[in-house]
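Shown next, in structure tokens, is the structure this report addresses.
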Amino acid sequence: MFKQVYLYDGTPYLAFKDEEGEYQYPEEVWTETPPPDGIYSPFYFNGNEWIGATREEWLGSLPESDPHIPSANEMMLAQAQMQVTKTANQLVKSQKEQAETLKELTKKEKRMQQLEEQQAQTMLEIAKLKGE
């Protein structure tokens, strides 16, 4: 069994029961009250309630920046990574196909061995009949 508690910075913590059935709580200060929905970072528990930013405050605190435009080197690196991933996926597909082929070959070899054993048994029985 376990119980979820929260450190005062909002970090969730799972308190598990020990051999004596007692929960092992964190050494830091904690609460059983979860942070409310709609609270934005930074937030904290003041001992009575969760204190945090509103969405508008949080959005206002974000740095303003232009969208990143990748350089020619970053574009080439991204294309190379995509090609490596594509090649790796093709390799995995080929390995799966090879494994399936090997599995089918093993089944056919087993059937062939059974047929050979049946043929040998039949020849032995024919030899016995001729000998009688």
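Any read-out appearing in this document is the output of simple, stated calculations on the displayed coordinates, not a laboratory observation. In this text, all values refer to a predicted model and were calculated from it rather than measured experimentally. Virtual Cβ from ideal backbone geometry, glycine too; neighbours counted across all protein chains shown.
Data table
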| item | result |
| --- | --- |
| Dipole axis of the chain (+1 Lys, Arg; -1 Asp, Glu on Cβ), positive-most option in Pro42, Tyr8, Leu129 | Leu129 |
| Partner lysines for Lys103 [C-alpha distance under 30 Å; skip if fewer than 8 residues away on the same chain] | Lys86, Lys93 |
| The chain - mean residue ellipticity at 222 nm from DSSP helices (-39,500 (n - 2.57) per run, n ≥ 4, rounded to 500) | -18500 deg cm²/dmol |
| GNM result for the chain, Cα springs below 10 Å: residue of Gln24, Gln79, Gln119 fluctuating most strongly | Gln119 |
| Relative contact order, percent, the chain [alpha-carbon distance under 8 Å, six or more residues apart] | 13 percent |
| Dimensions in Å of segment 75-132 - Rg and Dmax from alpha carbons | 25.0, 85 |
| Size of charge dipole - segment 2-61 - debye, nearest 20, with Cβ of Lys, Arg +1 and Asp, Glu -1, no other charges | 240 debye |
| Under the Karplus curve 6.51 cos²θ - 1.76 cosθ + 1.60, θ = phi - 60°, whole-Hz ³J(HN,Hα) for segment 27-40, x wherever Gly or Pro sits | 6, 6, 5, 8, 9, 8, 7, x, x, x, 5, x, 8, 10 |
| Low-density loop cleavage sites - GluC sites (Glu not before Pro) in segment 29-95, where at most 12 other Cβ are within 10 Å (DSSP) | Glu32, Glu49, Glu64 |
| Along each principal axis, Cα extent of the chain, largest first, Å | 102, 63, 23 |
| Note, ³J(HN,Hα) from phi for segment 111-124, Karplus 6.51, -1.76, 1.60, rounded to Hz, x at Gly and Pro | 4, 4, 5, 4, 5, 4, 5, 5, 4, 5, 5, 5, 5, 5 |
